[in-house]
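See below for the structure under consideration.
The values are calculated or read from the model by the stated rules, or taken from the named source; none is laboratory data. Model, not experiment: these values are computed from the prediction. Please note: Cβ atoms are built from the backbone with ideal geometry, for glycine as well, and neighbour counts cover all protein chains shown.
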Amino acid sequence: MAAITMKNIVKKYGDGFPAVNDVSIDVQDGEFMILVGPSGCGKSTLLRMIVGLEDITDGDMVIGERKVNDLAPRDRNLAMVFQNYALYPHLSVYENIAFPLRLAGASDSEVDEKVRAASKTLELDEHLERKPGNLSGGQRQRVAMGRAIVRDADAFLFDEPLSNLDAKLRGQMRTEIARLQKRLGITTVYVTHDQTEAMTLGDRVAVLKRGVLQQLASPRELYTNP
Ligand code: ADP
Ligand code: ADP
């Protein structure tokens with residue numbers, strides 16, 4: 001059973017050309033799936049439909065065995081990691097990671113246990129009292145992932161998380177995300193327009209063009225059969 005199944009997904013904004021046109025992709029459990037293509041090809045729209053921030057015009061979105069077409073984002077148990085990381089500047093790293101647990105009414109001991117476990121995995125345990133403003137870009141990214149981990153989300157969704165970084169940091173973060181994803185073994189869907197990211201990060205790459213799925217293959221297959 002796939003972790004995320006997109007079945008003949010269509011998205012129309014108004015009467016125009018569909019932004020997403022009959023796209024079917026199955027993301028396997030633990031898989032790192034890349035959605036790549038030029039600006040305007042529909043990749044963010046597709047990601048937003050997975051997370052529930054955008055209605056589906058036609059088709060089915062299935063997470064695990066559950067059809068989620070009409071489910072609100074908070075009922076989908078997914079974790080979106082945003083480009084700007086959406087951290088709270090006035091809260092410590094600890095409280096930033098704890099935030100979703102506090103929201104859900106977890107006890108102090110449960111919060112503490114989960115925050116400490118996540119920050120250990122992410123090598124943030126020495127920075128728990130710091131504020132996001134004093135962290136490097138890479139550390140901030142890890143705090144954002146920590147917040148996703150403590151929610152026991154079924155999948156991570158990334159929307160161009162590295163596009164605002166300079167080339168050097170982008171290279172470092174790429175390595176870091178790939179490493180973390182494998183260590184956590186969590187199903188991941190990652191949107192980018194960057195060919196290098198697509199070819200180095202993913203287990204499989206879904207290539208979109210004008211809303212249509214052109215190819216769905218491993219980077220190796222795409223190299224040998226572009
Ligand atoms: P990408 O993420 O690949 O750059 P998008 O998914 O953002 O592409 O956009 C796909 C198409 O849908 C584009 O033609 C874009 O102009 C259009 N689009 C995206 N969001 C909206 C919206 N809220 N209203 C109308 N059209 C939109
Ligand atoms: P509020 O209910 O005050 O708007 P939030 O928007 O922070 O609070 O969160 C509402 C619900 O949305 C949370 O319980 C959680 O399940 C979900 N949620 C929060 N952040 C994310 C995220 N990054 N990705 C996916 N779902 C999220």
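Pairing each residue of the range 75-90 that is more than 20 Å from Asp154 (Cβ to Cβ) and among the hydroxyl-bearing types (Ser, Thr, Tyr) with any residue that is outside any loop (DSSP other than H, G, I, E, B) and at pLDDT 90 or above, provided the two are 6+ apart or on different chains, yields C-beta distances under 9 Å for Tyr85/Pro132; Tyr85/Val143; Tyr88/Glu95; Tyr88/Asn96; Tyr88/Phe99; Tyr88/Pro132. Of all residues in the range 158-170 being part of a helix (DSSP H, G or I) and touching a Leu at 6+ places or on another chain (Cβ under 9 Å), which is surrounded by the fewest Cβ atoms within 10 Å (Cβ to Cβ)? The residue in question is Leu169.
Please verify whether Leu47 is within 16 Å of ligand 2 (Cβ to nearest atom) and modelled with pLDDT under 95, treating the condition exactly as stated.
no
Of all residues in the range 115-135, those being part of a loop (DSSP other than H, G, I, E, B) and in contact (Cβ under 8 Å) with a residue 12 or more places away in the chain number 9.
Here the range 68-118 is the region considered, the condition is being among the basic types (Lys, Arg) and within 16 Å of the chain's Cα centre (by Cα), and the residue that is farthest from ligand 1 (Cβ to nearest atom) is Arg74.
Number of residues in the range 8-31 that are of a type outside the set (Gly, Ala, Ser) and surrounded by fewer than 16 Cβ atoms within 10 Å (Cβ to Cβ) equals 8. Scanning the range 137-161 for residues that are farther than 18 Å from Gly30 by Cα, more than 11 Å from ligand 2 (Cβ to nearest atom) and either among the β-branched types (Val, Ile, Thr) or modelled with pLDDT of 85 or more (or both) returns Gln139, Arg140, Arg142, Val143, Glu160.
With the structure loaded, tell me whether Val62 is surrounded by 15 or more Cβ atoms within 10 Å (Cβ to Cβ), under 13 Å from the mean Cα position of the chain (by Cα) and under 25 Å from Leu201 (Cα atoms) or whether it fails that test.
Taking the combined requirement at face value, the residue does not satisfy it.
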